[in-house]
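The values are calculated or read from the model by the stated rules, or taken from the named source; none is laboratory data. Because the structure is a prediction, the values reported are computed rather than measured. Here the Cβ positions follow ideal geometry from the backbone for every residue, glycine too, while neighbour counts run over all protein chains shown.
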Amino acid sequence: MGLAESPLAAIPFLSSCSRNSERKEKAVSRFRKLSHTIWHCQYHIVWVPKYRYRILTGPIREWVHEAIQSICSYAGCEVNEVNVQPDHAHLVVMIPPKLSVSDFMGRLKGQSSIRLFKRFKDLRKKPYWGNHFWAKGYCVDTIGLDAEMIKKYVKYQEQKERYIEQLELGL
């Protein structure tokens, strides 16, 4: 029985309270809950390989994509979008407030680098890598009301870059 069919629908106050409750539930649905916190901390993060080499292609690209998903999941973070380009990686992720962005990125870059060198042993042989795959630092931005626009940007940036490269080459 819907609200309009309910005998309580005839009482304007109760009908209004029910509609307000439904609106609040929809507004709160984007939030996550911890034991004492309701949160929505969403970030757009970009980082690059050492010397910004265009190494994130083929099997390395696929492996990095999967590693990002795996490490984020283990850290309790929710991945909304991942895009690995030849010379950088984009991530739209929800990080719980109990974990700082700095700690999260240290874990993500450190663990992915260690795993990457174990998986692709020939990378370690190259003199420019040392023990670090990723460059120092990263770019982070909080996502508020423009979340959908940023997600689309991350998702479709690769297509846009290919199109621009083709235009420059005159193909």
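Restricting the first member to region 34-45 and to residues that are more than 17 Å from Ala147 (Cβ to Cβ), and the second to residues that are assigned to a strand (DSSP E or B), no beta-carbon pair is closer than 7 Å while six or more apart or on different chains. Listed here are the helices (runs of 4 or more DSSP H) enclosed by region 68-171 that have at least 3 residues being hydrophobic (A, V, I, L, M, F, W, C), crowded, with 16+ Cβ neighbours inside 10 Å and touching a Gly at 6+ places or on another chain (Cβ under 7 Å), and there are none. Take Gly106 and decide whether it is over 12 Å from the mean Cα position of the chain (by Cα), of a type outside the set (D, E, K, R) and over 21 Å from Tyr51 (Cα atoms). No; evaluated as a whole, the condition is false for this residue. Counting the residues of region 83-124 that are of a type in the set (D, E, K, R) and in contact (Cβ under 8 Å) with a residue 12 or more places away in the chain gives 6. Note on region 35-72: residues that are polar (S, T, N, Q) and over 11 Å from the mean Cα position of the chain (by Cα) amount to 4.
Ser15: modelled with pLDDT under 95, surrounded by 14 or more Cβ atoms within 10 Å (Cβ to Cβ) and over 24 Å from Asp87 (Cα atoms), yes or no? So Ser15 passes the test.
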